[in-house]
Amino acid sequence: METLDIDTVVIGAGVVGLAIARELAMAGQEVIVLEQGKYFGEGISSRNSEVIHAGLYYPADSLKARLCLQGRELLYDYCASHPVGCRQTGKWIIAGAGQQEQLEQVGRAAAANGVRLESAGQAELARALPDITASAGLYSPRTGIISSHELMVSLLGELEAAGGQLVCQAPVVAAASDDQGHQLQVAGEAPCRVRCRRVVNSAGLGAIGLAQLWQGYEARLCPDPWYARGVYFSYSGRHPFTTLVYPVPEPGGLGVHLTLDLAGQARFGPDVEWIAEPDYTVDPDRRQAFVDSVRRWWPGLDPDRLQPAYAGVRPKLAGPDAGFTDFRIDDAEHHGIGGLVHLFGIESPGLTASLAIARYVMERLL
């Protein structure tokens, strides 16, 4: 079996993996990205709301807060200078009867992170969102939407221009680290061994499973995996919205909310369903639950125009009753292995934070 010697390997070609690989390649490293699928970005990166988050929900000084705020600005700047579609749409977070405290919690968290929000009472909301039923709301002007596919295409192009390479259908099935570096066993169409000085485990839903098999890495340091599936339904035809609309957050997610794509089509989701293993099945029978949820704040919803779209799965680090869990970006300070970084629990706001995560990882590797 052939053995390849590479300076740096990134495992996983989602938006975060591509961003990290691009950052390292542009810093002068020899980089390859190993992806188990046929194409880049087939998992979490292509199955989310494509929202650029403003940084409203996360505890101050958490990795999610810091990297979301940094990543938001990096992402807007990147889109302005690259052929990547995005739009600063703004977002309303709305509260119904009995939800004022949850709305105030969002406001306090945003203020702690230095995020500016505009508050509105029922009368002001009626003018801003005449089709919505709500008692109060907060407006986030810095929230937006982005084409995640165009972003990944651009990141990959810059990675390759800097001498990096993406290899698809190349699953890493075993890994080991010692004082001499790191060894990866790669299966697929061209099985081989890879020896490298630095390696980043950015395998998304598979990151914890891979770390559990990693020789030389203490298994006790590895978190337990949890999975939360979120289903999306698209809404055909015209609608009255030009901005995103979110209810107050719910356990495990941000509630069934309204987002827009760059063409203006509306979609609703995700809901939250805890599952044992990653599964992207969309049950069309969940439509009634969506209807019931959305009609609490948009009575004019036409159920016949809701169509099953897709599902995403969040790689959680704790179960449904655990509350907030942060990103885990574990380097040598955590596990004692030089040149190794594991990324665990990179769920929302991972897309928004992707460019900031890349810089964070590069600083720890180089």
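The values are calculated or read from the model by the stated rules, or taken from the named source; none is laboratory data. This structure is a prediction, so every number in the text was calculated from the model and none was measured. Neighbour counts run over all protein chains shown; Cβ positions are idealised from the backbone, glycine included. Only protein heavy atoms, including side chains, enter the accessible area calculation; ligands, DNA and RNA are left aside. Shrake-Rupley method; radii C 1.70, N 1.55, O 1.52, S 1.80 Å.
Some observations on this one:
- Kirkwood radius and radius of gyration were both taken over the C-alpha atoms of the chain, and their ratio Rg/Rh is 0.99.
- For the chain, the share of DSSP beta bridges that are antiparallel, to the nearest 5, is 65%.
- Helix-derived mean residue ellipticity, 222 nm - over the chain, DSSP H n ≥ 4, -39500 (n - 2.57), to 500: -8500 deg cm²/dmol
- Summing +1 for each Lys or Arg and -1 for each Asp or Glu among the other residues whose beta-carbon sits under 10 angstrom from that of Ala136 gives -2.
- Database note for the chain: Cys without another Cys beta carbon under 4.7 angstrom, Cys68, Cys168, Cys192, Cys196, Cys222.
- Highest mean first, the peptides 33-41, 174-182, 278-286 sorted by other C-beta atoms within 10 Å per residue fall in the order 33-41, 174-182, 278-286.
- Among Gly319, Leu221, Thr243 the positive-end extreme of the charge dipole of the chain (Cβ point charges): Thr243
- The share of accessible area on the stretch 218-366 that comes from carbon and sulfur is 47 percent, using a 1.4 angstrom probe.
- Note on the stretch 321-360: the alpha carbon radius of gyration divided by the globular reference 2.2 N^0.38 Å gives 1.30.
- Remark: spin-label model distance Gln215-Ser119 equals 6.0 nm, labels positioned 7 Å along the Cα→Cβ axis.
- Within the stretch 41-140, all pairs of alpha-carbon atoms sorted by distance into 5 Å bins from zero give the percentages 2, 12, 18, 19, 19, 15, 11, 4, 1.
- Computed FRET value (nearest 0.05) for Arg195 with Lys38, which takes r as the C-beta separation and R₀ as 30 Å: 0.70
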